1. Taking the mean number of other Cβ atoms within 10 Å as a proxy for protection, how do you rank 142-150, 87-95 from highest to lowest?
2. How much length would be gained if the chain were fully extended between residue 194 and residue 146, taking 0.36 nm per residue of separation minus their Cα-Cα distance, in nm to one decimal?
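Laboratory data are not the source of any read-out in this text; all were calculated from the coordinates shown. Quick caveat: nothing in here was measured; it's all calculated off a predicted structure. Every residue, glycine among them, receives a Cβ derived from its backbone with ideal geometry; neighbour counts consider all protein chains shown.
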Amino acid sequence: MKSINAKKGLKKVFISQVFAIIMAMLSSCTMLFIGMFKVLSVDSETVSSLFELAVLSITFSASMLLTAVFSYIFGIIGYYQAGKVEAEFKKSMLCMIASGALVIIGNFFQIPNGTLYTILTSAGSIVEMFVMVFSISGIIRLSDNFESVEMSERGDRLLKILVAIYIISAIDTLIIRIFELSAQAKIVSFIIDVIDLALIVLRYVLYMRYLHGAMKMLAENNADVLRS
């Protein structure tokens, strides 16, 4: 019964990661349109282009917000459900709530205080890292209980990879802040944004693969229990 609850919870977490990838894509597109809007706004003869970019920015922003809501709802419910079996998932749920709160509060300061925006959103990213860390730790514990050495070893490797990816992403954010006042800021920012998006998608994909492996392990364990 426990393995069934854990599997259902992790399945919802898996779905939340699908929405998270879509959200990351939409976020990058939105920032690109906003950047183009700022460049074209200097030229008063590009009114039609500005209107089109404004519409696209609003559309992508609304879509991003919707996918973010779905991602958090599925994630929180999934971690809560899996947390009934393994306490580490409850920590993931709490970290996910805290991360979302920091990012939301940070966005209110994006225009009036860029530094505070960067601090809060960066803190949100750090807390988000612990969402995955605690979740993977929870799966490792379940793997140990089910004597799945392969899943435990995969989890240990994945933890190291994810921490490295988050550190690189944090450095990317710092580089953008350093170069934001320079003449090359737009070029540097675009390159770093592309790298950061690739890293975000990579960590979600790696995490989803591990979640899929965990769900398969739990399903096999439940099948063994039913046969016995």
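1. 87-95, 142-150
2. 13.3 nm
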